[in-house]
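One structure is given below, encoded as structure tokens.
The values are calculated or read from the model by the stated rules, or taken from the named source; none is laboratory data. Being a predicted model, the structure only gives us computed values, none of them experimental. Positions of Cβ are backbone-derived with ideal geometry, glycine not excepted, and every protein chain shown enters the neighbour counts. Side chains are part of the model used for accessible areas, which takes the heavy atoms of the whole protein and leaves out ligands, DNA and RNA. Shrake-Rupley method; radii C 1.70, N 1.55, O 1.52, S 1.80 Å.
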Amino acid sequence: HNYGEAENHPEGDPRGRDPRQLVNSLKKKRVNLHFFRISHETDKMVGLLQKAYNDKDWVFHQHQIGDDTTLFAKLCIDSITRSISADSVRRLGSQGVGRVAFRRRKKKVTSL
């Protein structure tokens, strides 16, 4: 793959690691992923990671920061809050409780 001129490793990870496998490993460990986007240079990479991570219960969240660094703290707090809430609901959902409530809430929470 070639992500662009700024790519330091156009042939992929020098250690041979597949980022999609790393993302799936994180998902299995119940890690919620949030990416803070500054420019378009990471779009292809994020697209690949989203495809590997997203499913009916997991969403790879991308937050647009751009040049406004003041958004970073707010988006960090929002992502931590969202992650804690999602994990709580997933735990309840595994017990057969709360899945419908999370799906309804998820639509409201995603707008930043």
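Could you list, in their original order, any pairs among LYS29/LYS74; LYS44/LYS74; LYS28/LYS51; LYS27/LYS51 whose Cα atoms are separated by more than 23 Å?
LYS29/LYS74; LYS44/LYS74
FRET efficiency for ILE84 and GLN64, Cβ-Cβ distance as r, R0 = 22 Å, nearest 0.05?
E between ILE84 and GLN64, to the nearest 0.05, is 0.50.
Modelled label-to-label distance, LYS56 and LYS28, 7 Å Cα→beta-carbon offset: nm?
Using points 7 Å along Cα→Cβ, the separation is 2.1 nm.
What does the accessible area of ILE80 come to, in Å² to the nearest 10, when a probe of 1.4 Å is used?
100
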